[in-house]
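Peer 1: Pasting a structure here, questions to come.
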Amino acid sequence: MEKRKGFKLQLVGLLFLLCAQIQISSSDSIFHEQFDETFEGRWVVSEKDDYKGIWKHAKSEGHEDYGLLVSEKARKYAIVKELDDPINLESKTVALQYEVRMQNGLECGGAYLKYLRPQQDGWSSKEFDNESPYTIMFGPDKCGSTNKVHFILKHKNPKSGEYVEHHLKYPPSVPSDKLTHVYTAILTPDNRVRILIDGEEKKAANFFSAEDFDPAIIPPKTIPDPDDKKPEDWDEREKIPDPNAVKPDDWDEDAPMEIEDDDAEKPEGWLDDEPEEIDDPDATKPEDWDDEEDGEWEAPKVDNPKCEIAPGCGEWKRPMKRNPAYKGKWHPPLIDNPDYKGIWKPQDIPNPNYFELEIPDFEPIAAIGIEIWTMQDGVLFDNILIADDEKTAEMYQESMWKPKFKAEKEKQKAEEAATAGHSGGVSGMQKRIFDLLYLIADIPFLEAYRPKILELIEKAETQSNLTVGILISVVVVIFSVFFKIIFGGRKPAEGRPTSSAGATEASNSNQERNEKKEEENEEETTAPPQGRSTRREN
């Protein structure tokens, strides 16, 4: 009876998957790569010298499902797939979606895709690199202070002709586990984009909102005049020293801050002739000690036991106290500056690069590329999808991603339960705390403090005994922000480097990975040899 019931359940499951496959095959999928077959001959690996990483066609751990695997640590990787026809993004809904699994975790690496412009813009598949022109860059990136799911639109200014990278503000964080996750970007005709992780919306933005993209796609109407100069007689000092003030006659600038306390008396029983430390009476000269090579041997010092029962040992000196006559250096008081004109700013002039648009001027997508530098191996890409309809992306999630994710989640729960059995349940609690902390780090008004919060979280993940202390530290940071807001504290200045070819923030992450790699090499090669001590150690 049980076998028959199990067979019926398997049959129902197979029928469900078959129906899902039929739905998918008839859906509005423009491009779908599920890597059931080898990528060789269909995807082109870059031949540029910098990209030494080896791509492999491999199974996802614990599944029969294949994907595109990053197989080596600390390597640059680049691979590209040309589409049969360029895809126009204007005036329609487009879903960009793919799965990625960090099988060995992610400490420092990228796992994003680049949706590339047509090759007539000056690139080729075999020469694909970080300079190849893209329209959209989308996906997770984590290293050092960087922990975000990028969404970067490279948009052409119709006035200047310059392509500018526009970064999504306050993007979501990268999941910190080793499970398969599906990343989705939904572009809609109302000039909006929605970022989803595992089918759950994490961020919604308007392409034309300066609150959502940095820099804003529509530039400001006016800009500071670059040729305007501050007048030489412009006085920005709000307060000035009072020119009529005179130092009081009794102001002694030479009086010390502290003086000896004349009222102090030496405590009874003070041992003037006893040193605070004595030679260790139990110490013996090592048998292998060579006076000619090591010098004269001296016994190590220990605390004098007589001083432990006495008020003190050695020469007694009067304690110091604050000098009531101390005033420090005299300065004239400040008064309002009669010549104060305020902080000078250049006058605004019309922005020669200003333009207006009703819809973003999206460049067509002609290829999909993966160009990353990662310190971790085991990164597996799968089910790369471009669709005309959001429901198509949802069907792929339900039929292809969700079964894998559920299986991995159940396995993770079993492992955590086994671990909790040995550690009293601490591991599961810490995981929930980390998930909460990552959600806190995504709060927009904490953006200026986000790198510090993420640094604390990552430290706690590697040193689990510090979890409670780290949680307290994050709470302190949050309360500090609240106090600054309530009591008028200054908001930390935010700055961002100007865009250049390639994704700016991704390049910064690559630099951090390079520095980390160099530090590891230095630790291996520059460790000083152990020498024999020639001096007594205290």
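Peer 1: Listed residues Trp270, Trp297; which is touching a Gly at 6+ places or on another chain (Cβ under 9 Å) and among the aromatic types (Phe, Trp, Tyr)? Even if it seems obvious, please write down each step before you answer.
Peer 2: Values: Trp297 fails: touching a Gly at 6+ places or on another chain (Cβ under 9 Å).
Exactly one residue qualifies, and that residue is Trp270.
Peer 1: Considering only the range 252-277, how many residues are assigned to a loop (DSSP other than H, G, I, E, B), open to solvent by less than 100 Å² (accessible area, probe 1.4 Å) and within 19 Å of Gly312 (Cα to Cα)?
Peer 2: 9
Peer 1: In addition: Identify the residue in the range 57-72 that is more than 22 Å from Tyr112 (Cβ to Cβ) and out of contact with any helix residue (DSSP H, G or I) (no Cβ under 9 Å at 6 or more places or on another chain) and, among all such residues, is least open to solvent (accessible area, probe 1.4 Å).
Peer 2: Lys59
Peer 1: Of the conditions (1) within 15 Å of the chain's Cα centre (by Cα); (2) at pLDDT 95 or above; (3) open to solvent by less than 20 Å² (accessible area, probe 1.4 Å), Val193 fails just one. Which one is it?
Peer 2: (1)
Table: residues versus (1) in contact with a Gly (Cβ under 9 Å, 6 or more places away or on another chain); (2) under 20 Å from His167 (Cβ atoms); (3) not polar (S, T, N, Q).
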site: Ala95; (1), (2), (3): no, no, yes
site: Leu113; (1), (2), (3): yes, yes, yes
site: Glu127; (1), (2), (3): no, no, yes
site: Thr135; (1), (2), (3): no, yes, no
site: Cys143; (1), (2), (3): yes, yes, yes
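Peer 1: Suppose the filter is touching a helix residue (DSSP H, G or I) at 6+ places or on another chain (Cβ under 7 Å) and in contact (Cβ under 8 Å) with a residue 24 or more places away in the chain; does Val182 pass it?
Peer 2: When the stated conditions are applied, Val182 passes them.
Peer 1: Where in the range 288-401 are there strands (runs of 3 or more DSSP E), lying fully within it, with 1 or more residues that are open to solvent by 50 Å² or more (accessible area, probe 1.4 Å)?
Peer 2: Ranges flagged: 301-303, 320-322, 334-336, 348-350.
Peer 1: If you don't mind, there's one more thing I want to ask. Given the criteria open to solvent by 10 Å² or more (accessible area, probe 1.4 Å) and modelled with pLDDT of 90 or more, does Met429 qualify? If you could, list the steps in order and put the result at the bottom.
Peer 2: Working: open to solvent by 10 Å² or more (accessible area, probe 1.4 Å): yes; modelled with pLDDT of 90 or more: no.
It is false that Met429 is open to solvent by 10 Å² or more (accessible area, probe 1.4 Å) and modelled with pLDDT of 90 or more.
Peer 1: Failed condition for Asp84, given (1) assigned to a strand (DSSP E or B); (2) under 29 Å from the mean Cα position of the chain (by Cα); (3) under 19 Å from Lys114 (Cβ atoms), with all others met?
Peer 2: The single condition Asp84 does not satisfy is (2).
Peer 1: While we're looking at this one, here's another question. Applying the selection to the range 29-56, what residues are among the polar types (S, T, N, Q) and either assigned to a loop (DSSP other than H, G, I, E, B) or open to solvent by 60 Å² or more (accessible area, probe 1.4 Å) (or both)?
Peer 2: Gln34, Thr38, Ser46
Peer 1: Tell me, yes or no, whether the range 169-183 has at least one residue that is closer than 17 Å to Glu363 by Cβ and modelled with pLDDT of 95 or more.
Peer 2: no
Peer 1: While we're on this one: Could you list, in sequence order, all residues of the range 82-125 that are basic (Lys, Arg) and modelled with pLDDT under 95?
Peer 2: Lys92
Peer 1: Is it true that Asp85 is surrounded by fewer than 16 Cβ atoms within 10 Å (Cβ to Cβ) and in contact with a Phe, Trp or Tyr (Cβ under 8 Å, 6 or more places away or on another chain)?
Peer 2: On the way: surrounded by fewer than 16 Cβ atoms within 10 Å (Cβ to Cβ): yes; in contact with a Phe, Trp or Tyr (Cβ under 8 Å, 6 or more places away or on another chain): no.
Considered against the rule, which asks whether it is surrounded by fewer than 16 Cβ atoms within 10 Å (Cβ to Cβ) and in contact with a Phe, Trp or Tyr (Cβ under 8 Å, 6 or more places away or on another chain), Asp85 comes out as no.
Peer 1: Quick one: is Trp330 within 30 Å of Pro243 (Cβ to Cβ) and touching a Phe, Trp or Tyr at 6+ places or on another chain (Cβ under 9 Å)? Quick ask: steps written out before the conclusion?
Peer 2: On the way: within 30 Å of Pro243 (Cβ to Cβ): yes; touching a Phe, Trp or Tyr at 6+ places or on another chain (Cβ under 9 Å): yes.
The answer is yes for Trp330.
The values are calculated or read from the model by the stated rules, or taken from the named source; none is laboratory data. Just so it is clear, the model here is predicted, and its values are computed rather than measured. All Cβ positions, even for glycine, are placed from backbone atoms using ideal geometry, and neighbour counts span all protein chains on display. What goes into the accessible areas is simple: the full protein's heavy atoms, side chains included, and nothing from ligands, DNA or RNA. Shrake-Rupley method; radii C 1.70, N 1.55, O 1.52, S 1.80 Å.
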